[in-house]
Amino acid sequence: LHAADKATPWDHYSGADSDETNWHLSLLGELSAAMTHLQVWNAYQPKLDLATGRIIGAEALVRWEHPERGPIGPDDFIPLVEAHGRARDLTAHVLGQALDDALRWQELAVAGVAVNVSATLLADHEFIEMVGQRLRASDLPAHLVTIEVTESAAMDKPEQAIAALESWRRLGVNISIDDYGTGQSSLTYLQKLPATELKIDKSFVRNIEADQRNAIMVRSTIGLAHELGMKVVAEGVEDARCLAMLGDMGCDTAQGYFISKPINAEAFAALLRESAKAAA
Ligand code: C2E
Ligand code: MG
Ligand code: MG
Ligand code: MG
């Protein structure tokens with residue numbers, strides 16, 4: 001591996017004091033202040049209801065606007081944050097922002113908010129407890145909140161995940177199985193997961209107009225999810241034909257650049273206002 005190759009952030013933290021290591025350690029050292037100063041902030045990607053054509057909520061996608069380095073994407077700092085035991089802090093920050101922002105949206109229209117919860121926090125009972133406290137302290141009803149857990153996190157230790165997700169459900173939140181199709185789902189466990197939504201990974205949604213296999217995967221996943229009493233979200237919708245096809249297939253909700261890229265809370269509120277007005 002060349003030093004110039006883009007290493008994953010956690011490759012080096014136990015290694016020699018490379019520039020990479022120093023940079024990662026200094027980044028971690030800056031996390032708390034960056035959160036306080038809202039350099040770590042939530043972008044929101046809208047969720048479109050295919051039956052009504054209305055925006056029904058958004059997913060929080062964390063961003064780090066570094067004063068010197070510029071924007072850093074979640075794939076570049078979340079693994080690092082997790083490897084150093086800071087996942088709780090970061091997720092609490094994201095969730096706190098999400099609850100505050102979503103509460104403001106309710107003046108415009110009923111809109112849900114989804115937060116990604118990483119594998120390390122899925123079965124963290126202290127964290128679940130803390131989220132419960134936050135939810136009770138917020139005026140936002142818990143049924144408007146969704147936690148997104150990846151399929152691979154949910155299927156890693158399935159029995160433990162089922163128990164953990166049941167604790168999450170007791171908080172009143174919805175549960176979405178993210179990146180569905182990329183993990184190794186056991187159908188035995190899938191039917192036992194107390195999830196309310198399956199979110200089909202963008203690698204399957206891409207190209208369903210041309211790619212027969214992807215179309216088959218998406219159509220059958222929609223059928224399966226509905227049979228199991230779950231809603232279906234398709235992520236990564238990049239064009240009008242894809243969106244139309246998902247509608248024909250009976251998909252419930254869609255997200256993707258064709259609908260909107262992740263945008264800041266204010267821009268999302270403006271979009272929500274427009275969407276509610278158009279439907280009225
Ligand atoms: P994800 O939850 O599966 O989110 C979807 C990713 O796909 C996002 O990347 C989004 O910007 C991108 N995307 C959305 N629509 C399209 C599209 O039409 N085409 C393409 N090519 N991409 C699209 P992003 O924002 O870089 O986030 C990457 C991942 O980082 C997320 O995947 C999620 O797993 C993780 N993540 C983001 N925020 C958080 C967070 O607050 N906590 C945790 N634990 N993970 C987070
Ligand atoms: Mg997600
Ligand atoms: Mg949540
Ligand atoms: Mg996803």
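The values are calculated or read from the model by the stated rules, or taken from the named source; none is laboratory data. Quantities reported herein were computed from a predicted structural model and do not represent experimental measurements. Ideal geometry is used to build each Cβ from the backbone, glycine not excepted, and the neighbour counts take in all protein chains shown. Ligands, DNA and RNA are stripped out before the accessible areas are found, and what is left, the full protein with its side chains, is counted by its heavy atoms. Shrake-Rupley method; radii C 1.70, N 1.55, O 1.52, S 1.80 Å.
In summary, the lysines within cross-link reach of residue 277, defined as a Cα separation below 22 angstrom excluding same-chain residues under 8 places away, comprise 47, 261. Across the accessible surface of segment 36-133, with the other protein chains kept in place and a 1.4 Å probe, carbon and sulfur atoms take up 51 percent.
Compute, for the chain, the length of the dipole vector about the Cα centre, with Cβ point charges of +1 (Lys, Arg) and -1 (Asp, Glu) only. Units Debye, rounded to 20.
On the way: 24 positive and 40 negative charges, 179 e Å.
Approximately 860 debye in magnitude.
Here segment 211-276 exposes an accessible surface that is 51 percent carbon and sulfur, computed with a 1.4 Å probe and the other protein chains kept in place. Using Cα-Cα distances under 8 Å and only pairs 6 or more residues apart, what relative contact order does the chain have, in percent? For the chain, the relative contact order is 18 percent. Stokes-Einstein diffusion of the chain at 37 °C, 0.692 mPa s viscosity, Kirkwood radius from Cα pairs, rounded to a whole number: 166 µm²/s.
Using the Cβ atoms and a cut-off under 12 Å, what net charge is assigned to the surroundings of residue 72, where Lys and Arg are +1 and Asp and Glu are -1? Don't skip to the answer; put the middle values down first.
Values: positive: 63, 69; negative: 30, 65, 68, 75, 76.
That works out to -3.
Does anything in segment 189-228 have its amide N under 18 Å from the 7 Å Cα→Cβ label point of residue 51, and if so which residues? What the label zone holds, given the 18 Å backbone N cut-off, is 196-199, 222-228.
At a Förster radius of 30 Å, what calculated FRET efficiency corresponds to the Cβ-Cβ distance of residue 21 and residue 156, to the nearest 0.05?
Values: r = 28 Å, r/R0 = 0.93.
Approximately 0.60, to the nearest 0.05.
With a cut-off of 19 Å on the backbone N, the residues of segment 61-103 near the modelled label site 7 Å out from residue 133 along Cα-Cβ are 86-100.
For segment 57-108, the mean projected area of the C-alpha convex hull, equal to one quarter of the hull surface, is 4.4 nm².
Multiply the residue separation of residue 228 and residue 142 by 0.36 nm, subtract the distance between their alpha-carbon atoms, and state the gained length in nm to one decimal.
Values: separation 86, 0.36 × 86 = 30.96 nm, distance 2.24 nm.
Gain on extension, residue 228 to residue 142, equals 28.7 nm.
A cut-off of 5 Å between modelled amide H atoms, ignoring neighbours fewer than 5 places along the same chain, links residue 112 with 57, 58. Hey, which lysines would be in cross-link range of residue 157, C-alpha to C-alpha under 19 Å, not counting anything within fewer than 8 residues on its own chain? Cα-Cα hits under 19 Å: 192.
Hey, any idea what % of segment 139-192's accessible area is carbon plus sulfur with a 1.4 Å probe?
On the way: 1090 of 2480 Å².
About 44 percent, which is the carbon plus sulfur part of the accessible surface.
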